[in-house]
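Visitor: Here it is, the structure, as structure tokens.
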Amino acid sequence: MKALRVLRYVALAAGLAYALPTACGSGGIVGGDCREGDCSAAAATSGGGKTGKPTGGSSGTDGGSSPGEAGNGAAAAQGGEGELPDGGFFDSPVDGDPDAMAPLECLPPHDSPSHCGDCDTRCVVPTPLCAPDGNGSFECVPRCVLPLVECQGQCVDPDSFKSDPDNCGACGKECPSEICQDGMCRGAGFGNVALICSDFNSADAVSAWAILLGNAIFLPATNPVHVLAYTRGATTAAVNRVNTVIGWAGEKRGRTVEITEAKTVDSVTQKLNIDDFQVLLIHDLDRASPGDPAAAATTWESSSTLTSFARAGGVVVVLDGGDGVQEMHELINAGNLLDPSGNTSITGQTDMTDGFVWNNAPADVLGVNVFEPFRGTSHTCTFDTNATPSSDLIFVLSDDEENGSGAPVAIHRVIVP
């Protein structure tokens with residue numbers, strides 16, 4: 001939870017770095033005390049108190065260390081009252097982190113007592129704890145209701161301790177690597193995320209689609225490959241068709257696969273770990289209830305389920321046919337699968353049935369042996385996104401022959417240790 005926020009706000013912290021030295025001399029410590037003799041007059045007048053950490057309170061205090069006081073004057077630089085330009089508030093020790101970092105922007109998941117349900121709601125007595133509200137968001141409550149347990153001001157599912165790097169195996173047990181799998185701290189590995197704008201309902205055994213999906217599923221070297229498949233909201237016919245395509249791809253490679261179906265959000269939280277599974281396959285949830293895809297991903301990321309799995313070397317594959325409820329892009333964004341910093345996102349899909357699909361990255365592991373061009377079958381689409389290709393974000397398939405100029409049909413994100 002905390003580690004996820006840190007990853008998402010690195011860009012914001014870097015932006016603040018140039019402003020804070022006006023309050024401290026060269027010996028100052030951003031987010032901490034100024035060294036003796038190194039504080040400038042600006043620091044003295046803007047509040048730098050004992051802790052020097054902003055807590056989201058009023059900027060008009062003397063920078064004390066208790067909740068409600070601002071520390072190093074950064075609030076004044078942002079407009080006062082402890083707010084950031086987007087209306088969010090600084091993180092504070094009230095969420096159980098006594099050494100909260102310098103100002104962080106408020107973005108989902110809003111699962112801490114300092115930002116519970118939204119940016120502006122803080123949990124205080126008599127409802128000091130932040131808990132899931134059953135509708136994909138969070139609310140302040142007086143106590144945790146079983147099976148949830150209290151941990152650092154939050155009501156959490158004990159199963160979250162299997163993947164939460166801040167509470168790995170038990171509340172408060174942090175992983176130096178920020179990777180937790182099956183309740184144990186792990187080292188980092190190369191992870192992979194494959195986002196594919198097709199549900200494969202018209203793919204056949206010799207199609208480019210079968211090669212593409214096989215490249216994604218059989219990326220791990222193990223045999224058989226163990227796949228956890230999330231299907232809540234997908235049709236039985238679509239799931240069976242995808243399983244058939246995976247079988248065809250395996251036969252051509254001399255590989256096998258064992259697929260375990262996960263029909264609930266909690267089953268993914270409980271089961272997904274790198275020891276038991278190498279791939280998480282999220283089917284096109286075109287028959288899900290509105291809001292459910294994003295709510296599922298929000299729940300998983302509250303305990304870093306997806307992030308920890310991928311950073312431990314797992315493969316996450318998401319299928320999106322661009323029809324039905326059309327909310328797979330919201331799952332991708334809520335799960336931080338495209339961009340953990342939140343700077344780029346996918347806003348929707350554009351149908352491209354019968355349009356030409358081009359392989360712009362034939363050397364990429366997803367693009368190997370995928371011939372081009374080929375026709376987009378029914379339920380083929382492009383992702384609407386403001387992301388651009390990079391060394392670790394590859395637009396493998398697109399609707400344009402020129403590399404990097406078209407809208408992506410298949411995206412490969414590489415997670416580097």
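The values are calculated or read from the model by the stated rules, or taken from the named source; none is laboratory data. Please read all numbers here as calculations on a predicted model, not as lab measurements. As a convention, Cβ positions derive from the backbone with ideal geometry for all residues, glycine included, and neighbour counts pool all protein chains shown.
Visitor: In contact with a strand residue (DSSP E or B) (Cβ under 7 Å, 6 or more places away or on another chain) and either outside the structural domain of A410 (by TED's automatic domain parsing) or not hydrophobic (A, V, I, L, M, F, W, C) (or both): is that true of L195 in this structure?
Guide: Values: in contact with a strand residue (DSSP E or B) (Cβ under 7 Å, 6 or more places away or on another chain): yes; either outside the structural domain of A410 (by TED's automatic domain parsing) or not hydrophobic (A, V, I, L, M, F, W, C) (or both): no.
Answer is no for this residue.
Visitor: Here is a follow-up. Kindly evaluate P158 against the criterion of being out of contact with any helix residue (DSSP H, G or I) (no Cβ under 7 Å at 6 or more places or on another chain), under 17 Å from G183 (Cα atoms) and surrounded by fewer than 18 Cβ atoms within 10 Å (Cβ to Cβ). Working first, answer last.
Guide: Working: out of contact with any helix residue (DSSP H, G or I) (no Cβ under 7 Å at 6 or more places or on another chain): yes; under 17 Å from G183 (Cα atoms): yes; surrounded by fewer than 18 Cβ atoms within 10 Å (Cβ to Cβ): yes.
Yes.
Visitor: Report, by residue number, each residue of the stretch 228-270 that is closer than 21 Å to G183 by Cβ, out of contact with any Leu (no Cβ under 6 Å at 6 or more places or on another chain) and not hydroxyl-bearing (S, T, Y).
Guide: Scanning the stretch 228-270 gives V265, D266, V268, Q270.
Visitor: Six or more apart or on different chains, Cβ under 8 Å: which pairs go from a residue in the stretch 363-391 that's outside the structural domain of N403 (by TED's automatic domain parsing) to one that's at pLDDT below 95? Could you list them?
Guide: Within 8 Å, no pair qualifies.
Visitor: Here's a follow-up. Does the stretch 98-132 hold any residues that are of a type in the set (G, A, S) and either closer than 16 Å to V156 by Cβ or at pLDDT 90 or above (or both), and which are they?
Guide: Of the stretch 98-132, the ones of a type in the set (G, A, S) are 100, 102, 112, 114, 117, 131.
Scanning the stretch 98-132 gives S112, S114, G117, A131.
Visitor: Sticking with this one: Mind counting the residues in the stretch 357-370 that are touching a strand residue (DSSP E or B) at 6+ places or on another chain (Cβ under 9 Å) and either aliphatic (A, V, I, L, M) or modelled with pLDDT under 95 (or both)?
Guide: Adding up the residues that qualify gives 5.
Visitor: If I go through the stretch 362-393 residue by residue, how many of them are within 16 Å of L213 (Cα to Cα), in contact with a Leu (Cβ under 8 Å, 6 or more places away or on another chain) and among the aliphatic types (A, V, I, L, M)?
Guide: Number of matching residues: 3.
Visitor: May I pose another question? Quick check on my filter: what residues within the stretch 199-219 are aromatic (F, W, Y) and either outside the structural domain of V396 (by TED's automatic domain parsing) or closer than 20 Å to G322 by Cα (or both)?
Guide: Quick first cut of the stretch 199-219, residues aromatic (F, W, Y) only: 200, 209, 218.
Listed by number, the residues that qualify are F200, W209.
Visitor: Report those helices (runs of 4 or more DSSP H) wholly inside the stretch 261-380 carrying at least 3 residues which are closer than 19 Å to S398 by Cα.
Guide: Working: elements: 265-271, 292-302, 305-311, 328-334.
Hits in the stretch 261-380: 328-334.
Visitor: Continuing with this model, one more query. So T388 fits all but one of (1) under 24 Å from R287 (Cβ atoms); (2) in contact with a Gly (Cβ under 9 Å, 6 or more places away or on another chain); (3) in a loop (DSSP other than H, G, I, E, B); (4) not aliphatic (A, V, I, L, M); what number is the exception?
Guide: The number of the failed condition is (1).
Visitor: What do you reckon, is L212 part of a strand (DSSP E or B) and surrounded by 21 or more Cβ atoms within 10 Å (Cβ to Cβ)?
Guide: Working: part of a strand (DSSP E or B): no; surrounded by 21 or more Cβ atoms within 10 Å (Cβ to Cβ): yes.
So L212 does not fit the description; no.
Visitor: Looking at the stretch 149-166, which of the residues that are among the charged types (D, E, K, R) and either part of a loop (DSSP other than H, G, I, E, B) or in contact (Cβ under 8 Å) with a residue 24 or more places away in the chain (or both) is farthest from A312 (Cα to Cα)?
Guide: Filtering the stretch 149-166 down to residues among the charged types (D, E, K, R) leaves 150, 157, 159, 162, 164, 166.
Keeping just the survivors that are either part of a loop (DSSP other than H, G, I, E, B) or in contact (Cβ under 8 Å) with a residue 24 or more places away in the chain (or both) gives 157, 159, 162, 164, 166.
Details: D157: 22, D159: 18, K162: 13, D164: 13, D166: 15 Å.
For the stretch 149-166, the residue satisfying everything is D157.
Visitor: Determine which member of the set G172, G247 is assigned by TED's automatic domain parsing to the domain that holds I332, in contact with a strand residue (DSSP E or B) (Cβ under 9 Å, 6 or more places away or on another chain) and surrounded by fewer than 20 Cβ atoms within 10 Å (Cβ to Cβ). Quick ask: steps written out before the conclusion?
Guide: Details: G172 fails: assigned by TED's automatic domain parsing to the domain that holds I332.
Step by step, each of G172, G247 is checked, and only G247 is assigned by TED's automatic domain parsing to the domain that holds I332, in contact with a strand residue (DSSP E or B) (Cβ under 9 Å, 6 or more places away or on another chain) and surrounded by fewer than 20 Cβ atoms within 10 Å (Cβ to Cβ).
Visitor: Got a sec? Which of A203, A216 is over 17 Å from V315 (Cβ atoms) and in contact (Cβ under 8 Å) with a residue 24 or more places away in the chain? I'd like the intermediate steps shown before the answer.
Guide: On the way: A216 fails: over 17 Å from V315 (Cβ atoms).
Among A203, A216, only A203 is over 17 Å from V315 (Cβ atoms) and in contact (Cβ under 8 Å) with a residue 24 or more places away in the chain.
Visitor: Restricting the search to the stretch 274-297, which residues are β-branched (V, I, T), in contact (Cβ under 8 Å) with a residue 60 or more places away in the chain and crowded, with 24+ Cβ neighbours inside 10 Å?
Guide: Selection gives V279 alone.
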